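Novice: Let me give you the structure first, and then I'll get to my questions.
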Amino acid sequence: MTPKANLFDFDRGAMRRFFAAMGEKSFRADQVIKWLYQGGVTRYADMTNLSKGLRVRLEELAETRLPELADDQVASDGTRKWLVRLADGNCVETVFIPEDGRGTLCVSSQVGCMLNCTFCATARQGFNRNLEAHEIIGQVWLADRALRDSASSGDRITNVVMMGMGEPLLNFDNVVTAMQLMLDDLAFGLSKRRVTLSTAGLVPQIDRLREVCPVSLAVSLHAPNDALRDQLVPLNRKYPIAVLMDACRRYVSGQPRRRITFEYVMLKGVNDSPRHADELVRILEGTPSKVNLIPFNAFPGAGYERSAPDVVDRFRELILAAGIMTVTRKTRGDNIDAACGQLVGRVSDRTRRAQRLQQAAGTAAF
Ligand code: SAH
């Protein structure tokens, strides 16, 4: 017997094809999407504008299964972090960041990560698997419901950033399906400017994304030259800075008001000198850019320190002086380990990276 389809794995196109295969009109698919995402209804029995017969057939053919919320923490600054438990027992984390007039949800795309950026906590747990589309859009669905159920607050999701655990462009199809639902007027209805995908820089996938789902793009740059970026973001050895910057320019070409956001984590004594700022200005020349400086968020055994505030300020001034919009990201939610680079979830590491690292560390001690 083939396993039942999960309707939360379908964007509008796939939902319509599924209904067409059942001999149903496409507007039935549209009604179901509205029930699932706008009504927050997952039981067919509650989808009252569908015929009894259709509800019975749906019951036989398809499920509406989502992950579960396993934990819910609120930081002193209002940042909220959920632990999301998947059907196989793995967990990922989802973070809601309330700000004046907006609410940003930070969504995970993989269980763990395989990119091994040296300053990121997620990397330390290794990689387990890609999230399914329903596990990605399910984070938005669950957070949306949880926020609506919190009687006291009017917090709503106005923006989504694919900046949680994992590299979204290495889970391309499922991430795109989930983002289509974020954008779909029948589902969450967010504008393309309010959905941002962050990548460490997978060049072919950046080009594909422009074709199929041109949301806002953020690129984790973190270093202004290949020698340093090769160390911090090992993916750079495959797609070096010049090649990555070309892809960034292609991404925004023909779209006059668009910019790429470049993320740059400020690591004390590593990438935060005035010389680095000058190099950064030079490589961004000709690319419509915005720079996001991220104070490094520590985690046990990280081996890096956060740059001092005056060092970050001086760095920002130098970039600003070149006419590039630059902001220092406020650190949010760090008292519940919800800040950038601190998300870990609960991962059974199939690559056994943690163990190998420990062994390597043990060997090095002799
Ligand atoms: N893999 C994607 C999505 C993760 S986004 C990417 O690399 O863009 C998470 C962001 O937080 C990235 O910009 C990442 O580089 C940054 N980050 C990782 N570890 C961090 C840390 N310890 N402190 C601050 N920012 C960190």
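Novice: Determine the alpha carbon to alpha carbon distance for each of 4/52; 34/330; 52/192; 238/268; 25/81; 238/290 and list only those over 31 Å.
Specialist: Working: 4/52 20 Å; 34/330 35 Å; 52/192 37 Å; 238/268 26 Å; 25/81 40 Å; 238/290 24 Å.
34/330; 52/192; 25/81, as the Cα separations exceed 31 Å there.
Novice: Here's another thing I want to ask about it. Taking amide H positions as placed 1.01 Å from N in the peptide plane, with prolines and chain starts having none, which residues 5 or more places from residue 129, or on another chain, fall under 5 Å of its amide H?
Specialist: 111
Novice: Can you work out the Karplus-derived ³J(HN,Hα) for every residue in region 314-321? Use 6.51 cos²θ - 1.76 cosθ + 1.60 with θ = phi - 60°, whole Hz, and x for glycine or proline.
Specialist: Taking θ as phi minus 60°, the curve returns 5, 4, 5, 4, 5, 6, 4, 4 Hz for region 314-321.
Novice: Between 110, 125, 38, which gets the highest mean-square fluctuation from a Gaussian network model of the chain, Cα cutoff 10 Å?
Specialist: 38
Novice: Quick check: net charge around residue 31, other residues with Cβ under 11 Å of its Cβ, Lys/Arg +1 and Asp/Glu -1?
Specialist: Working: positive: 25, 28, 34; negative: 24, 30.
After counting each charged neighbour, the total is +1.
Novice: So, one more: Which values, in whole Å and largest first, are the semi-axes of the equivalent ellipsoid of the chain obtained as the square root of 5 times each eigenvalue of the Cα gyration tensor? Walk me through the numbers before you get to the answer.
Specialist: Details: eigenvalues 277, 106, 79 Å².
For the chain, the ellipsoid semi-axes come out as 37, 23, 20 Å.
Novice: Now a separate question. Restricting to region 180-307, what percent of DSSP beta bridges are antiparallel, rounded to 5?
Specialist: Counting DSSP beta bridges with both partners in region 180-307, the antiparallel share is about 5 percent.
Novice: Provide the descending list of Cα extents for region 228-301 along its principal axes, expressed in whole angstroms.
Specialist: Reported extents, whole Å, longest axis first: 44, 24, 24.
Novice: Related question: With every protein chain left in place, what is the accessible area per residue of the chain in square angstrom, probe 1.4 Å? Write out the running numbers ahead of the final one.
Specialist: Values: 16600 Å² over 366 residues.
For the chain, the solvent-accessible area averages 45 Å² per residue.
Novice: Rounded to the nearest 500, what is the 222 nm mean residue ellipticity of the chain from helices alone, with -39500 (n - 2.57) per DSSP H run of 4+ residues and division by all residues?
Specialist: Working: 12 runs with 126 residues, N = 366.
It comes out at -10500 deg cm²/dmol, rounded to the nearest 500.
Novice: When the convex hull of the C-alpha atoms of region 1-121 is computed, what volume per residue in Å³ does it have? Show your work: numbers first, answer last.
Specialist: Working: hull volume 21.4 nm³, N = 121.
Per residue, the Cα convex hull of region 1-121 comes to 177 Å³.
Novice: Pop out the ³J(HN,Hα) list for region 258-264 in order, Karplus 6.51 cos²θ - 1.76 cosθ + 1.60 with θ = phi - 60°, rounded to Hz; leave Gly and Pro as x.
Specialist: Each residue's phi maps through the Karplus curve to give 8, 10, 9, 8, 9, 8, 9 Hz.
Novice: Looking at the chain as a GNM with Cα springs under 10 Å, which of 22, 165, 325 has the largest mean-square fluctuation?
Specialist: Fluctuation is largest for 22.
Novice: Where Rh is the Kirkwood radius over the Cα pairs of region 5-63, the temperature 37 °C and the viscosity 0.692 mPa s, what D in µm²/s does Stokes-Einstein return? Don't skip to the answer; put the middle values down first.
Specialist: Details: Rh = 11.2 Å.
The estimated diffusion coefficient comes to 292 µm²/s.
Novice: Shifting gears a bit: Would you pull out the residues with amide H under 5 Å of residue 199's amide H, same chain only if 5 or more places away, H placed 1.01 Å from N?
Specialist: For residue 199, the qualifying residues are 218, 219, 220.
Novice: Can you give the net charge of the other residues whose Cβ lies under 13 Å from the Cβ of residue 310, counting K and R as +1 and D and E as -1?
Specialist: Details: positive: 268, 306, 314, 316; negative: 272, 313, 317.
After counting each charged neighbour, the total is +1.
Novice: Could you work out how far the C-alpha centroid of region 197-273 sits from that of region 43-72, in angstrom?
Specialist: Region 197-273 and region 43-72 have Cα centres separated by 40 Å.
Novice: Could you sort the peptides 65-72, 245-252 by per-residue average Cβ neighbour count (10 Å cutoff), highest mean leading?
Specialist: Working: 65-72: 16.0, 245-252: 18.4.
Final packing ranking: 245-252, 65-72.
Novice: Can you list the residues, at least 5 places off or on another chain, whose amide H is less than 5 Å from the amide H of residue 305, using H built in the peptide plane?
Specialist: The answer is 268.
Novice: In sequence order, what are the phi-derived ³J(HN,Hα) couplings for region 27-34 according to the Karplus relation 6.51 cos²θ - 1.76 cosθ + 1.60 with θ = phi - 60°, rounded to whole Hz, with x for glycine and proline?
Specialist: Here the 3J(HN,Hα) series is 5, 5, 4, 5, 4, 5, 4, 4 Hz.
Novice: Among DSSP bridges having both ends in region 68-358, what percentage is antiparallel? Round to the nearest 5.
Specialist: Values: 22 of 46 bridges.
Restricted to region 68-358, the bridges split so that about 50 percent are antiparallel.
Novice: A further question follows. Ignoring ligands, DNA and RNA, what percent of the 1.4 Å accessible area of the chain is carbon and sulfur?
Specialist: With neighbouring chains kept in place, the figure for the chain is 50 percent.
The values are calculated or read from the model by the stated rules, or taken from the named source; none is laboratory data. Quick caveat, the model's predicted, so the values are computed rather than measured. No Cβ is skipped: glycine too gets one built from the backbone with ideal geometry, and neighbour counts run over all protein chains shown. Accessible surface areas use protein heavy atoms only, side chains included; no ligands, DNA or RNA. Shrake-Rupley method; radii C 1.70, N 1.55, O 1.52, S 1.80 Å.
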